[in-house]
Amino acid sequence: MKAGIIGYGSMGKMLLWKFSKAGNIAKQDLMVSNRTVEKLKEAEEIACIVTSRQLAAEADIIFVCVRPSDIKQVLEEIRDVIGKDALLVSLNGSVSFETISKLADCKTAKVIPSLTAEIERSQTLVCYNAKVNAEDKVSLTDLLKCIGNVIELPEEEMGMGSELVSCMPGFIASIFDVICTSAQGHTAIPKEQIVQMVLSTMSATGDLMLQKDMTFEDVVTRVATKGGITEEGSKVIYEGFPATADLMFEKTLEKRRITTENAEKQIAE
Ligand SMILES: NC(=O)c1ccc[n+]([C@@H]2O[C@H](COP(=O)([O-])OP(=O)(O)OC[C@H]3O[C@@H](n4cnc5c(N)ncnc54)[C@H](OP(=O)(O)O)[C@@H]3O)[C@@H](O)[C@H]2O)c1
């Protein structure tokens, strides 16, 4: 199988190097193109540097890793050379299959990796248009496994799905940043040590829950004994935090709606 990546920016670079490191695509079957060709010098050792048209004509899977403002130009450039069985993969969640199909009417998937792909623990979201078959899904999933888990969702759930896995590292970091800052006001333990203690506990709690198949409620019950100290703190969180969580999703989903509208507008222009 041949795979190609159009756009050697943050996402394209990450995917190219992870695919190469995983070793399931040989250098001669891995292609990359970028608007600024000089940037590709460093990728010469792991991939074939080609034009986007060459790439689209040869690749079985074509990853389009450009910003929404550049998607139209890329698709107009390659649409007449995309192989009839090739799978086009957009890394952008905001542009709909309907809009993409007006520019390139082919098998299409959307893929949203999360930051944790850096340590091969991404929760990568995938959705497909109606032209994609089971075999294509297996090929793409196999390829993406080198960065972590792959989760298929319907297109209409990709927004909320992105909140839960792609935005979540940012939400988690914000929540624990607030907790660590508050802790500083109640202790002489230095900030770096507080952060290290909380971070390690947070990471170990996640692993514990995954390994022992525990729910959040299980953890709370195990730690917060009736009438104890943890229960006192846990009660405050369950009373005060739901309003913040609701507001957070209201705001992010509204922002997502506006971002999608703008991305679609940019393409329609
Ligand atoms: N960054 C994230 O965390 C993240 C997460 C999930 C999804 N995404 C999505 O992934 C997509 C890529 O994001 P990114 O952060 O990787 O963007 P980025 O860092 O700005 O990279 C975009 C790349 O596309 C290249 N490019 C632009 N027009 C091109 C063209 N006509 N032909 C070939 N290459 C072209 C740019 O080339 P130049 O070198 O000339 O600028 C640049 O290297 C976006 O749609 C974004 O929404 C990003």
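The values are calculated or read from the model by the stated rules, or taken from the named source; none is laboratory data. Since the model is a prediction, treat every value here as computed from it, not as a measurement. Cβ coordinates were reconstructed from backbone atoms using ideal geometry, including for glycine residues, and neighbour counts include every protein chain displayed. Just so you know, the surface numbers come from the protein's heavy atoms only, side chains and all, with ligands and any DNA or RNA stripped out. Shrake-Rupley method; radii C 1.70, N 1.55, O 1.52, S 1.80 Å.
Here are the numbers:
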{"quantity": "Length-normalised contact order for the chain - Cα pairs under 8 Å, 6+ apart - percent", "calculated": "14"}
{"quantity": "Calculated over the chain: convex hull of Cα atoms, volume per residue (Å³)", "calculated": "160"}
{"quantity": "Straight-distance crosslink candidates among lysines, where the alpha carbon sits under 18 Å from Lys255 and sequence neighbours closer than 8 are dropped", "calculated": "Lys265"}
{"quantity": "Gain upon complete extension [Glu250, Ala204; 0.36 nm per residue less C-alpha separation]", "calculated": "13.6 nm"}
{"quantity": "Segment 76-107 versus segment 192-268: alpha-carbon centroid distance in Å", "calculated": "36"}
{"quantity": "Cα-based reach from Lys137 at 26 Å (exclusive), listing lysines while leaving out same-chain residues under 8 positions away", "calculated": "Lys2, Lys13, Lys18, Lys21, Lys27, Lys72, Lys84, Lys102, Lys107, Lys110, Lys145"}
{"quantity": "Extreme residue, positive dipole direction of the chain, given options Gly9, Val126, Ala268 (C-beta unit charges)", "calculated": "Gly9"}
{"quantity": "Those lysines that a straight Cα-Cα span of less than 16 Å connects to Lys226, excepting residues fewer than 8 apart in one chain", "calculated": "Lys235"}
{"quantity": "Heavy-atom surface of the chain, accessible at 1.4 Å and reported per residue (Å²)", "calculated": "58"}
{"quantity": "Within a Gaussian network of the chain (alpha carbon springs, distance under 10 Å), most fluctuating of Ser166, Ser182, Ser90", "calculated": "Ser182"}
{"quantity": "Sulfur and carbon atoms: percent of accessible area, segment 1-98 [1.4 Å]", "calculated": "48"}
